[in-house]
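The values are calculated or read from the model by the stated rules, or taken from the named source; none is laboratory data. Keep in mind that what you see is a predicted model, and the values were worked out from it rather than measured. Virtual Cβ from ideal backbone geometry, glycine too; neighbours counted across all protein chains shown. Note: accessible area is taken over every heavy atom of the protein model, side chains too, but ligands, DNA and RNA are not part of it. Shrake-Rupley method; radii C 1.70, N 1.55, O 1.52, S 1.80 Å.
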Amino acid sequence: MYGRAGFALLRQRIPDQPDAGDLPAQVRTACTTLAQHHGVTFPAVAEHTGISRATLYRRRDLREIIEAHRNPDGHTPTITGLATQIDQLRQALEAVAAKVRRHEEDLRTIKHEGPHTTRRS
């Protein structure tokens, strides 16, 4: 269908297509640039490098480079750390819920007293 010349053309690398051997270097460069100006995200790196997001997620080496730049302090949350944060959020939510219940009770009291009575403090 293509012949020898056509097949050879198909096998040539397209100039704008990233070279597979250079992908880690391209991702590092993109992450460094994006970190200075924007946030480092998979879509931003994909747009900056021309590498598909699927490839960035699928290839462990590329994903690790991006993740390292997303967490520049090197702090990766641990299960214990996440459990602590979840517990703190649960306690905060319970405090907000208790406050809402108190406000609902106050509103019910005001509603039952009627519009013409004054509330004593």
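Only residues that are modelled with pLDDT of 65 or more and open to solvent by 90 Å² or more (accessible area, probe 1.4 Å) were counted across segment 1-60, and they come to 10.
Remark: Ala68 matches the filter, which requires a residue to be among the hydrophobic types (A, V, I, L, M, F, W, C), modelled with pLDDT under 90 and surrounded by 10 or more Cβ atoms within 10 Å (Cβ to Cβ). Of everything in segment 95-111, what is of a type in the set (Gly, Ala, Ser) and more than 31 Å from the chain's Cα centre (by Cα)? Give them in sequence order. Within segment 95-111, Ala98 is the sole residue that qualifies.
Can you confirm whether segment 80-92 contains a residue that is in contact with a Phe, Trp or Tyr (Cβ under 9 Å, 6 or more places away or on another chain), modelled with pLDDT of 90 or more, part of a helix (DSSP H, G or I) and of a type in the set (A, V, I, L, M)? No - not one qualifying residue is present in segment 80-92.
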